[in-house]
Amino acid sequence: MRKNLKYNLSWLLLAVAVYLGIFVLKSVGLLSGIVEDTLSLIGINVILAVGLNLIIGFSGQFSLGHAGFMAIGAYATAIFTQIQSTYTGFLLSILIGVGITIVVALVVGIPTLRLKGDYLAIATLGIAEIIRILIVNGKDDLSQGIFATGGAAGVFGIVDYANWEVIYIFMVLTTIIIANFIHSSTGRTVLSIREDEIAAEAMGVNSTKVKVLAFVLGAATASIAGSLHASYIQTIVPGDFGFMKSVDILIIVVFGGIGSLTGSFVAAILLGILNHVLRNVQAISDYRMIVYALALIIIMIFKPGGLLGKKELSMKKLFQRIGKGGKENASVDR
Amino acid sequence: MPLLTVDRLTKNFGGLAAVSNVSIQLEENELVGLIGPNGAGKTTLFNLLTGVYEPSEGSVTFNENGKETLLNKMKPYAIADLGISRTFQNIRLFKDLTVLDNVLIGFNSKNKQGIFSSVLRLPSFYRQEAELKERSIELLKIFDMENELETLARNLPYGQQRRLEIIRALATQPKLLFLDEPAAGMNPQETAELTELIRKIHQEFGITIVLIEHDMSLVMDVCERLYVLEYGQLIAQGTPAEIKENKRVIQAYLGGEI
């Protein structure tokens, strides 16, 4: 028990240290607005990637509709903060988005996850597109009804309650929830389904229930990321949440390692930095997408399992290493 | 009332009756063998009894302390929860998980944790987790595998993988255990160890074991009673000594005129 406290405290310490690091850098004026933007977008991408990794990497189901769930959260926030432009309204809008997403994820998940195979990929691809089309056909403004998505022009002037600090806190919270979920007995049954569904069922694992649970949890975090995205960028259009956005998130997951939360963090940060550099350095900004694609190809050739494979950063292992007089390199098999 | 009653069970795949009109009874704490030539329907029968396939006709009834349950339409996980566990002909371990995790997942069926207590990491979560770990290690100790806790299942030698699959099945705390060709691919030394292992489980855990096996020395050695299948039909049953003398069985294995 005391040991668990030690590990948990060190995670907390790490989270606080990173926060303070960014805070100090910003206070001394070392962080420009553009860098802060990049950091915030990295935070949102981490939430998205960690959630998708739960679905793809840990439960072994293939979802191609992550951007659809993100859209639900984004529009929930965009619309509801117009009705109630307060901080509480913003937090409520996140909850509303999560609520709607859970219902939609259940409706898609329950029928498709009963089947064994890649049916979820097709169904989620479809549902993301349905959500996008629904949004495109929404009302122009609130006077015409509650479903005021602004059509293809989108919503602009969304109140900016999500600064980098809010995003950071949500990133830490969702990661803790998902990491705790994975490292519990229910989480182990999620892994068992990825490994061998037939054997898992024979061991008393209700595979449909567990798969739906993982899928819904992953989708809910995507909705949170969507809300933060809407409030941070302040302008959203349906095109932001198309198929390519789902693929972007998928790339982060694959790049970092399918089945490694640490990997999703590393990949979101690295790709975020790469994007930042490519966008802001004049000489190469024209070739941004080429460099980006090349980086991915190189990773896939030399590390087909992603940067970290299934490895995780573990405080327990880290302490054991230090105890044995080891040094550096903390990422060890979970 | 027997522990498991199979009454006139039939499974058709299109025009083929893979199992046809099979009736068997399993008593408590029995060690029963199920033999027959390749393709006789032994594994299909296991799959019917554990819910992987749904029977075409007939019934399977599980009797636990006088409470009868019809298994025909139940899902595999629900049947596992009742106390029926199994291993697979082609090993189906959770290969990328550790030995300990494999066993812990077995324990899950009878020890479900609340999601909220695990996500919030309440004290009850740590308590239960520690207890399950302790019990898993105890179980692994009985089978001399406590030194492999953190080894990935895929890295175990073949014989140990078979052994782990049996341990994982035992972790679900079954009353009835189906072993599907546990000695397949083992050398004589490993088979001898396995024979001892099965005997030990039968004695120490006091459960009913049904064994599919082609290794006749193993079957004749440990089983108290045998059922013989051929072309989906039950052709004989009795003690090993009786089966050895049974003309119909000899014919099924060696061929010959009727």
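The values are calculated or read from the model by the stated rules, or taken from the named source; none is laboratory data. Note that the structure is predicted; figures quoted are calculated from it, not measured. Cβ: placed from backbone, ideal geometry, glycine included. Neighbour counts: every protein chain shown. Accessible surface areas use protein heavy atoms only, side chains included; no ligands, DNA or RNA. Shrake-Rupley method; radii C 1.70, N 1.55, O 1.52, S 1.80 Å.
Over all Cα atoms in chain A, the spread is summed up by Rg and Dmax: 20.2, 68 Å.
Provide the three semi-axes, in whole Å and in decreasing order, of the ellipsoid equivalent to the stretch B:186-258 as defined by the square roots of 5 times the Cα gyration tensor eigenvalues.
On the way: eigenvalues 130, 41, 20 Å².
Ellipsoid half-lengths, sorted descending, are 25, 14, 10 Å.
For chain B, a Gaussian network of Cα nodes joined below 10 Å ranks B:216, B:74, B:186 by mean-square fluctuation, and the top entry is B:216. Roughly how many nanometres apart are two label points built 7 Å out from the Cα toward the Cβ at residue A:122 and residue B:184? Going by the 7 Å Cα→Cβ label model, 3.1 nm. Excluding the site residues themselves, the longest part of chain B lacking any trypsin sites (Lys or Arg not before Pro) in a DSSP loop with at most 16 other Cβ atoms within 10 Å is B:122-258.
Among the DSSP helices (H) of chain A, those spanning at least 18 angstrom by Cα along their long axis with an average Kyte-Doolittle hydropathy of -0.5 or more are A:2-27, A:33-53, A:66-83, A:87-113, A:119-136, A:164-182, A:207-233, A:243-256, A:261-280, A:288-302; this is a geometric and hydropathy rule only.
So how do A:125-135, B:99-109 stack up, highest first, on mean other-Cβ count within 10 Å? Could the numbers behind the result be given before it?
Values: A:125-135: 18.5, B:99-109: 24.2.
Averaged packing, sorted descending, gives the order B:99-109, A:125-135.
Extension gain, residue B:250 to residue B:21: 0.36 nm times the residue separation minus the Cα-Cα distance gives 80.3 nm. The fraction of accessible area contributed by carbon and sulfur in the stretch B:1-110 is 44 percent, rounded to a whole number (1.4 Å probe; ligands and nucleic acids excluded). The mean accessible area for residues of the stretch A:78-215, using a 1.4 Å probe and ignoring ligands and nucleic acids, is 43 Å² per residue.
Shape of the protein assembly as shown from its Cα gyration tensor (a ≥ b ≥ c, root eigenvalues): rounded if a/c is under 1.5, otherwise prolate when a/b > b/c, or oblate? Since a/c reaches 1.5 and a/b is larger than b/c, the shape of the protein assembly as shown is classed as prolate. Near the amide H of residue B:3, within less than 5 Å, lie the amide hydrogens of B:26, B:27, B:28, all on another chain or at least 5 residues away, with H placed in the peptide plane.
Expressed in whole Å with the largest first, what are the equivalent ellipsoid semi-axes of the stretch A:217-334 derived from the C-alpha gyration tensor as the square root of 5 times each eigenvalue?
Details: eigenvalues 179, 79, 39 Å².
Taking √(5λ) for each Cα gyration eigenvalue gives 30, 20, 14 Å.
Less than 5 angstrom separates the built amide H of residue B:34 from those of B:211, B:212, B:213, B:227, all sequence-distant by 5 or more or on a different chain. Under 5 Å between amide hydrogens, built in the peptide plane, is the criterion, and for residue B:21 it picks out B:9, B:10, B:11 among residues at least 5 positions away or on other chains.
Of the GluC sites (Glu not before Pro) found in the stretch B:84-172, the ones in coil according to DSSP and having at most 12 other Cβ atoms within 10 Å of their Cβ are B:150. Only helical runs count toward this figure. For the protein assembly as shown, summing -39,500 (n - 2.57) over DSSP H runs of n ≥ 4 and dividing by all residues gives -18500 deg cm²/dmol at 222 nm. Classify the stretch A:15-154 from the C-alpha gyration tensor, please: rounded if a/c falls under 1.5, else prolate or oblate depending on whether a/b exceeds b/c. Here the stretch A:15-154 falls in the oblate category. Normalised radius of gyration (Cα atoms, divided by 2.2 N^0.38 Å) for chain B: 1.06.
Please report the spacing between the Cα centers of the stretch A:225-247 and the stretch A:113-144 in Å, no decimals. Measuring centre to centre over Cα atoms gives 14 Å.
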